[in-house]
1. Within region 164-197, name every residue whose backbone N is under 17 Å away from a label modeled 7 Å from Cα of K252 along the Cβ vector.
2. Sort the following peptides by mean Cβ neighbour count (other Cβ atoms within 10 Å, averaged over residues), highest first: 102-111, 264-273.
3. Can you sort C79, C53 so the residue with the fewest Cβ neighbours within 10 Å comes first?
4. Which order do the peptides 225-237, 35-47, 192-204 come out in when sorted by mean C-beta neighbours inside 10 angstrom, highest first?
5. In the chain, what percentage of the DSSP-assigned beta bridges are antiparallel, given to the nearest 5?
6. Using the Cα atoms of region 271-324 to build a convex hull, what is its mean projected area in square nanometres?
7. Starting from the Kirkwood radius over alpha-carbon pairs of the chain, derive D by Stokes-Einstein at 4 °C in a medium of 1.567 mPa s and give it in µm² s⁻¹.
8. For region 171-208 and region 137-167, what is the separation of their C-alpha centers, rounded to whole Å?
Amino acid sequence: MSEKTLVEAINECFHVELERDDSVMVMGEDVGRAGGVFRATAGLRDRFGPDRCVDTPLAEAGILGSAIGLCMAGWRPVCEMQYDAFSYPCLDQLITHVGRYRWRTGGAMEFPLTIRMPYGGGVRAPELHDDSPETYYVHTPGVKVAIPSTPADAKGLLAAAIREPDPVVILEPKLHYRTMRGEVPDGEHVTPLGKARVAREGSDVTLVAYGSMVPLSEQAADELAGEASVEVLDLRSLKPLDEDALLASAAKTGRVVIVQEAPRVAGFGAEIAAILAEKAILDLRSPVLRVTGYDVPYPYWQIEDAYMPSVERVTDAVRKLLRF
């Protein structure tokens, strides 16, 4: 074990996985000579060469389209989309091709493609650098989606995605690339897709969160100490979703607040709420509440604090359920 930031854990994962498997390669804008805008790919080009750490043109559709061909030729490409909203030009490739190839071949062809990108706000960035686009990817059949909230899971989920026979989208909370440190296993480390993590045990209410909203939910749990015993469930993987962990926590506490940074309408929190309504209704002691972003484009940084979920908004939702 060694203590690392989230971005350091990602970088270590790349070094381990490229050394382990000669078919793994990294491609994207500025990932080579510059080591990535967040330094997630630092040192890879020097160690593994320009054929396995490839600087691409500024063309997200071209990056993903090229990766499709590389997959079919036996490579395991990892594509970096430099920022969350920069990934939208590649949606056609993802929806039309990436999510369908294994289905088209009746399962005969694996499609080991990883797409990773920083996501979310709170870093005082300009427009198109702060979106939370997870629902677009979760809604695409054939594509798996994971979002880490700790350095250990940033390393472990990326390793799982690289080794996965299906395409995986990894969204990394850029707000916490360097704001948190945590113990990370040395060497090979894999966090299985589809397994949630109880970040904090509690008995009165469950906060369901993922990515950057997990540390926020833990802060809210601290704020509520003395008023309620709050459980924090870190989903880690949105698809496949660990329904067993979700339903077990809902049955344990009887009250659920879902916290997501993305806009409210048709967000992933709505899917979680629907699952709870269908499968946990007899265990619930109150309605399921959501604390989310708002249904507007991500605002300019001067007012982004008013947009993002806050500890105050989460604690207000919990207190509302406790009064129900």
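A short reminder: the numbers here are calculations on the coordinates, not readings from a lab. What you are looking at is a predicted structure, and each value in this text was computed from that prediction instead of being measured. For neighbour counting, all protein chains shown are included, and Cβ atoms are generated from backbone atoms with ideal geometry for every residue, glycine included.
1. 195-197
2. Numbers: 102-111: 12.9, 264-273: 18.3.
Packing proxy ranking, top to bottom: 264-273, 102-111.
3. Details: C79 29, C53 25.
The order, fewest Cβ neighbours first, is C53, C79.
4. Working: 225-237: 21.1, 35-47: 18.5, 192-204: 16.9.
Most protected by this proxy first, the peptides run 225-237, 35-47, 192-204.
5. Numbers: 9 of 40 bridges.
Taking every DSSP beta bridge within the chain, about 20 percent pair in antiparallel fashion.
6. Details: hull surface 18.5 nm².
It is 4.6 nm².
7. For the chosen part, D equals 65 µm²/s.
8. Region 171-208 and region 137-167 have Cα centres separated by 13 Å.
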